[in-house]
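First the structure, in the form of structure tokens, and then the observations on it.
The values are calculated or read from the model by the stated rules, or taken from the named source; none is laboratory data. Keep in mind the model is a prediction, meaning the values are calculated, not measured. Neighbour counts run over all protein chains shown; Cβ positions are idealised from the backbone, glycine included. Just the protein is used for accessible areas: all its heavy atoms, side chains included, with ligands, DNA and RNA removed. Shrake-Rupley method; radii C 1.70, N 1.55, O 1.52, S 1.80 Å.
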Amino acid sequence: MIDNYEHYITRNIRAFYKRRLFSPILYLLILLVLWFVFPLGEMLSPMPLKNAGQIEGVYEAKKEYVTVTFEDLTFTGYTTSRFGSTNGYWYYGEKDDVCYIVLLTPFTCEEGNPTIETLTATCRIVSHPKLYGQFLSAVATDLEWTTEGISAQLPEVFYSEPDYNPFTNFVLFLIYFGTLIYTLISLIRYTLFIFFPYLAPACQNLIVFGNPKKQLEEAEEELATLPQLATEDMFITEHYFIMTSPYGNAIVPIQEILWIYKYSTLHKFLWYHFSISYTLHITANKHMFIQCPKNIKSDIDGIIDYLSEANHDILVGFTEENRLKVEAKQGKPFHIEKWTALLNKKV
């Protein structure tokens, strides 16, 4: 049993959020690695390329995504397909005596326009030996030339517009930056809770009963001076029920508690039963709900007995009768009432 409960709640709140810092920091590091390992920056902002004939030099410089203005493109008569539908049309163009190949989407080339005078498109410079080889082999056969001969006249890579999918990229970056923002907000919140524990949800939930900071200080003082009942992670003082567990923290004024009951969970793997754990459920005024998971039966029974003696108005045990009594006393949650009123007003 712990002897020193000085600032015990505050210390546990800080410890809880210090442990939770690990996940967002790790995720931020993963996002940072992904940004540099994969060309996400190029995908977000493709490099403008003025000379389409510089394709090999750009590819060798490890630049894959480019925005190019093509001039005088000619359809080769060949297409590519995916899942039974045409997804690309092969074109060729020339710039500064360099002949290059462009694979365009059906929408961009209007499904095989014979010639395109000028076109600005965002593409990925692709090295795809199998796909490119099949195309060059077909062209060589038509020209009665060898594949090796025609390959020697063309770059080893080509521009591919289908490989730069705006919708897929939008979803990718929506997930990337969405989770990044969420992680940063979580990191900032956890840091604030570490430095200012009274801002943590466990304390701010008390705002419906008064000043959270003052109630935290009162609970700390009562726990430090004379705790009425103490288990491993649940405590009862003169005016408060307190939980400080690895799963969360909670402070509830005893006089605000309406209903308490325990719920058992059987832990098993296949047919082997490992153990039974118990969860204490507490319902208080102002729609406050607290769960204290993974406790032993004797601890929860002791808490329930003490709370029911401290406040004779508390309903004990999970029954339909108790549930209806609490529902009648609490009414609907404020947000349900708010939306119901709004809908009625609209109607």
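Here the calculated FRET efficiency for His287 and Phe22, from their Cβ-Cβ distance with R0 = 45 Å, stands at 0.90, rounded to the nearest 0.05.
If you plug the beta carbon distance of Ile175 and Ile276 into 1/(1 + (r/R0)^6) with R0 = 51 Å, you get a FRET efficiency near 0.80. Is the C-alpha gyration tensor of segment 113-221 telling us rounded, prolate or oblate? Criteria: a/c under 1.5 is rounded; beyond that, a/b larger than b/c is prolate, otherwise oblate. Verdict is prolate for segment 113-221. Find the centroid of the Cα atoms in segment 133-186 and in segment 258-322, then give the distance between the two in whole Å. One Cα centre to the other: 58 Å. Using C-alpha pairs below 8 Å separated by at least 6 residues, the relative contact order for segment 1-99 is 19 percent.
Percent of accessible area on the chain owned by carbon and sulfur, 1.4 Å probe? Here it works out to 58 percent. Derived scalar couplings between HN and Hα for segment 160-171 equal 10, 6, x, 7, 10, 9, x, 5, 4, 5, 4, 5 Hz in order, rounded to whole Hz, by the Karplus curve 6.51 cos²θ - 1.76 cosθ + 1.60 (θ = phi - 60°), x for Gly and Pro. Once C-alpha pairs closer than 8 Å and six or more residues apart are averaged by separation and normalised to the residue number of the chain, the relative contact order reads 14 percent. Oblate is the label for segment 176-287. Its Cα gyration tensor axes, ordered a ≥ b ≥ c, give a/c of at least 1.5 and b/c at or above a/b.
Please find the FRET efficiency linking Tyr182 to Asp313, where r is the Cβ-Cβ separation and R0 is fixed at 41 Å, and quote it to the nearest 0.05. Show your work: numbers first, answer last.
Details: r = 41 Å, r/R0 = 1.00.
Working from the Cβ atoms, E equals 0.50.
The slack in the chain from Ile30 to Leu143, taken as 0.36 nm per residue of separation less the alpha-carbon distance, amounts to 35.7 nm.
Divide by every residue of the chain the summed helix terms, -39500 (n - 2.57) for each DSSP H run of at least 4, and state the resulting mean residue ellipticity at 222 nm, rounded to the nearest 500 deg cm²/dmol. -13000 deg cm²/dmol, from helical runs alone. The alpha carbon gyration tensor of segment 93-134 gives principal lengths a ≥ b ≥ c with a/c of 1.5 or higher and a/b no greater than b/c, which makes the shape oblate. Compute the acute angle (0 to 90°) between the alpha-carbon long axis of helix 129-142 and the principal axis of greatest extent of the alpha-carbon atoms of the chain; round to the nearest 10°. Approximately 20 degrees, to the nearest 10. For the chain, the solvent-accessible area works out to 61 Å² per residue, with a probe of 1.4 Å and every protein chain left in place.
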